[in-house]
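S.K.: Before we start, here is the structure in question, set down as structure tokens.
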Amino acid sequence: LALDAGGEAEDAAAEGRCPWARFSSWLECVCVVTFDLELGQAIEVRRLAYIFFQRPQLVTSLHVPQREVSHFCGYVYFRQVKDVSVKRGYFQKSLVLLSRLPYTHMFHMLLQIIAPEYFEKLEPCLEAVCNEIDQWPSPEPGLTLNLPVMGVVLQNLLPAPTVLPTIHELDLFKCFQSMLIHLQMLWELVLLGEPLVIMAPSPTISSETVLALISSICPLKFCSDFRPYFTIHDSEFREYTTRTQAPPNVVLGVTNPFFIKTFQTWPHIIRLGETKMAGDLPKQIKVKKLAKLKTLDTKPGIYTAYKTFLHKDKILIKRLLKGIQRKRPSEVQSAILRRHLLELTQSFIIPLERYMASLMPLQRSVTPWKTPPQIRPFSQDEFMATLDHSGPQLTSVLKGDWMGLYRKFFRSPNFDGWYRHRHREMVQKLECLHLEVICDADLLGWTKDKSEVEIVDLVLKLREKLVRKMIKTSLERPSLQKNKNRNFSQLALLLITPQYERTFPFMFHLCNNYDTDVLK
């Protein structure tokens, strides 16, 4: 059921924007999902701007590998009511918001407002809410926005993702309170991208624990797959439960006790229960051998043979436990915990960033008449040699085998993702430096003693560089797609900033003499 874009389309056109553009900047779609005994989760109603589903799927883990952001975030309000007319005796239905934005707290607040109304008034309520969302301003990190919906105004400060991913809205302390003495182990397992299963008593605890774990290595991006709530109906169920190959590098959150038997080959399993108190402190789960994970009534614990590279931060643990005794607010406990994890990750990453920067060619080696020099390859041995005088010990008090941790990190998906991203940024920076040097060069003076062949060769190289820039820019700015048939001189005008205008006459003279269809 697609949203009617009649009146809204006219209003949007009058404002110079696409129909449902603002809605699409917040949500991919709104779905109503019912539980089918044969299919599992089946989409019953969907209100969307531009995407369509080919078949029923589990909305909390839709995988879209062709997009740069490979997952949707699904925010769910689940309702279960006794109904004797249903085979299992219960009416089970969920209202789901699907978005690319990981604004966990905000979307949960939104669901608390609209879901009860939906279950009373059904589809007309959804359409009214979607129309209101389409009037919201676009989400811009770092701004405080007032977002009206159903007579309530949500006021949200959208976190800047360049500083900390918005997943940090979760109550980290609540998620980790039964595992505080094992924080170092959890951080290392996530940092190294190890296969990890969270067995929780409810989907809420499962999802929040997985997201809290992923956020523990911020600002480093977690580059493996993760599923906050994984069920037997997911398409990867057989792949993840097979015993014929090693478990994939993925963090799974599950609730079905059936998984205890199927995940016997996984190296790290965290079995959670309801939080119990030992006096005035939450009871801490213990590390146990994997061999003990056999029965459906397995006790809570961390089932793993993993040995940490770094020692525990006992000062932090004491501080958090003392905070519980003093009834310190959970928000303050979470802030302490978040700051510790952030500083720990930064201490680990700073030496890598420093070494990576040293691989960049010196700016004086970039000349206009030659291809830009190459970025030096990353040498693990060379990096390890830098740790003695500029390692993490400069910023972290934790002791242990930092070098062993780095060696294992080099074999992880997180290192591969971090390195590719940083290398891509450096290549782009080098390209920009080369363009600046070319535009600052005395091209006319250079041509005085050059043959026509050399001049043409230079023009072709400049043209190739500008066309690459044009294609990249057109992907980022769709309006440039309409300019594909412009000649090279016009493309140069679009792509070169005003500070390089002094080079235009010479370049345009050459381009007009040797012009061709550059986009063939």
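S.K.: Do we find that Ile269 is part of a strand (DSSP E or B) and either over 30 Å from Val332 (Cα atoms) or in the same structural domain as Glu353 (by the TED database) (or both) in this structure?
M.R.: Taking the combined requirement at face value, the residue satisfies it.
S.K.: Could you tell me whether any residue of the stretch 221-231 is touching a Ser or Thr at 6+ places or on another chain (Cβ under 6 Å), closer than 18 Å to Tyr75 by Cα, charged (D, E, K, R) and not in a helix (DSSP H, G or I)?
M.R.: Looking for residues that are touching a Ser or Thr at 6+ places or on another chain (Cβ under 6 Å), closer than 18 Å to Tyr75 by Cα, charged (D, E, K, R) and not in a helix (DSSP H, G or I), one finds at least one in the stretch 221-231, hence yes.
S.K.: Moving on. Which residue out of Phe383, Phe348, Phe409 is in contact with a Pro (Cβ under 8 Å, 6 or more places away or on another chain), aromatic (Phe, Trp, Tyr) and closer than 20 Å to Leu183 by Cα?
M.R.: Details: Phe383 fails: closer than 20 Å to Leu183 by Cα; Phe409 fails: in contact with a Pro (Cβ under 8 Å, 6 or more places away or on another chain).
On inspection, the qualifying residue turns out to be Phe348.
S.K.: Return yes when Gln325 is in the same structural domain as Ile217 (by the TED database) and open to solvent by 60 Å² or more (accessible area, probe 1.4 Å) and no when it is not.
M.R.: Taking the combined requirement at face value, the residue satisfies it.
S.K.: Determine, yes or no, whether Gln393 is polar (S, T, N, Q), open to solvent by 20 Å² or more (accessible area, probe 1.4 Å), part of a loop (DSSP other than H, G, I, E, B) and out of contact with any Cys (no Cβ under 7 Å at 6 or more places or on another chain).
M.R.: no
S.K.: Select, from Arg339, Arg319, the only residue that is among the basic types (Lys, Arg) and surrounded by 14 or more Cβ atoms within 10 Å (Cβ to Cβ).
M.R.: Criteria check complete, one pass: Arg319.
Each row is one residue, and each column tells you yes or no for (1) open to solvent by 10 Å² or more (accessible area, probe 1.4 Å); (2) more than 21 Å from Ala21 (Cα to Cα); (3) assigned to a loop (DSSP other than H, G, I, E, B).
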site	(1), (2), (3)
Met109	yes, yes, no
Gln112	yes, yes, no
Glu117	yes, yes, no
Glu120	yes, yes, no
Glu127	yes, no, no
Glu132	yes, no, no
Gln135	yes, no, yes
Glu140	yes, no, yes
Asn146	yes, no, no
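S.K.: Those residues that are under 29 Å from Ser396 (Cα atoms) and of a type outside the set (A, V, I, L, M, F, W, C), I need them from the stretch 277-287; list them, please.
M.R.: Hits for the stretch 277-287 are Pro282, Lys283, Gln284, Lys286.
S.K.: Also, quick follow-up: When the residues of the stretch 328-352 are filtered to those that are free of Cβ contacts under 8 Å to residues at least 24 places away in the same chain and among the charged types (D, E, K, R), which remaining residue is nearest to Leu394 (Cα to Cα)?
M.R.: Restricting to residues being free of Cβ contacts under 8 Å to residues at least 24 places away in the same chain and among the charged types (D, E, K, R), the top hit is Arg339.
Per-residue answers, yes or no, for (1) open to solvent by 30 Å² or more (accessible area, probe 1.4 Å); (2) touching a Lys or Arg at 6+ places or on another chain (Cβ under 9 Å); (3) under 29 Å from Phe226 (Cα atoms):
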| site | (1), (2), (3) |
| --- | --- |
| Glu353 | yes, yes, yes |
| Leu359 | no, yes, no |
| Arg364 | yes, no, no |
| Ala385 | yes, no, no |
| Val397 | yes, no, no |
| Arg407 | yes, no, yes |
| Gly417 | no, yes, yes |
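S.K.: Is it the case that some residue within the stretch 277-299 is hydroxyl-bearing (Ser, Thr, Tyr), in contact with a strand residue (DSSP E or B) (Cβ under 8 Å, 6 or more places away or on another chain) and open to solvent by 40 Å² or more (accessible area, probe 1.4 Å)?
M.R.: Checked the stretch 277-299: no residue is hydroxyl-bearing (Ser, Thr, Tyr), in contact with a strand residue (DSSP E or B) (Cβ under 8 Å, 6 or more places away or on another chain) and open to solvent by 40 Å² or more (accessible area, probe 1.4 Å).
S.K.: Also: Return the residues of the stretch 350-376 that are among the aliphatic types (A, V, I, L, M) and not in a loop (DSSP other than H, G, I, E, B); say none if nothing qualifies. Even if it seems obvious, please write down each step before you answer.
M.R.: Kept after step one, since they are among the aliphatic types (A, V, I, L, M), are these residues of the stretch 350-376: 350, 352, 356-357, 359-360, 362, 366, 375.
Across the stretch 350-376, the qualifying residues are Ile350, Leu352, Met356, Ala357.
S.K.: What about Arg328, is it in a loop (DSSP other than H, G, I, E, B) and at pLDDT 90 or above?
M.R.: Answer is yes for this residue.
S.K.: Inspect the stretch 370-383 for any residue being in contact with a helix residue (DSSP H, G or I) (Cβ under 9 Å, 6 or more places away or on another chain) and touching a residue at least 60 places away in the same chain (Cβ under 8 Å) and give the result as yes or no.
M.R.: Scanning the stretch 370-383, I find at least one residue that is in contact with a helix residue (DSSP H, G or I) (Cβ under 9 Å, 6 or more places away or on another chain) and touching a residue at least 60 places away in the same chain (Cβ under 8 Å), so the answer is yes.
S.K.: Another question, if that's okay. Pairs only if they're at least six apart or on different chains, beta carbon under 7 angstrom, first in the stretch 176-205 and in contact (Cβ under 8 Å) with a residue 24 or more places away in the chain and in the same structural domain as Leu342 (by the TED database), second buried (at least 22 other Cβ atoms within 10 Å of the Cβ) and among the hydroxyl-bearing types (Ser, Thr, Tyr); list them, first residue then second.
M.R.: Filtered contacts from the stretch 176-205: Leu186/Ser216; Trp187/Ser216; Val190/Ser216; Ile198/Ser206; Ile198/Thr209; Ala200/Ser206; Ala200/Thr209; Pro203/Tyr229.
S.K.: Oh, and also: If you go through the stretch 276-321, how many residues are under 29 Å from the mean Cα position of the chain (by Cα) and either part of a helix (DSSP H, G or I) or outside the structural domain of Pro392 (by the TED database) (or both)?
M.R.: Here the count works out to 3.
S.K.: Restricting to the stretch 219-248, and then to whatever is of a type in the set (Phe, Trp, Tyr) and open to solvent by 30 Å² or more (accessible area, probe 1.4 Å), can you tell me which residue is farthest from the chain's Cα centre (by Cα)?
M.R.: Filtering the stretch 219-248 down to residues of a type in the set (Phe, Trp, Tyr) leaves 222, 226, 229-230, 237, 240.
Cutting the leftovers down to open to solvent by 30 Å² or more (accessible area, probe 1.4 Å) gives us 226, 229, 237.
Working: Phe226: 10, Tyr229: 17, Phe237: 23 Å.
Looking at the filtered set, the residue picked out is Phe237.
S.K.: Turning to a different aspect of this structure: Specify the residue that is nearest to Val397 (Cα to Cα); the eligible residues are those in the stretch 298-327 that are touching a residue at least 12 places away in the same chain (Cβ under 8 Å) and charged (D, E, K, R).
M.R.: Asp313
S.K.: Further, regarding this structure: Hey, Asp313 hits all of (1) open to solvent by 100 Å² or more (accessible area, probe 1.4 Å); (2) touching a His at 6+ places or on another chain (Cβ under 9 Å) but one; which does it fall short on?
M.R.: Result: Asp313 fails condition (1) only.
The values are calculated or read from the model by the stated rules, or taken from the named source; none is laboratory data. A quick note: this is a predicted structure, and the numbers were derived from the prediction, not measured. Note that we place each Cβ from the backbone using ideal geometry, even for glycine, and neighbour counts take in every protein chain shown. Just the protein is used for accessible areas: all its heavy atoms, side chains included, with ligands, DNA and RNA removed. Shrake-Rupley method; radii C 1.70, N 1.55, O 1.52, S 1.80 Å.
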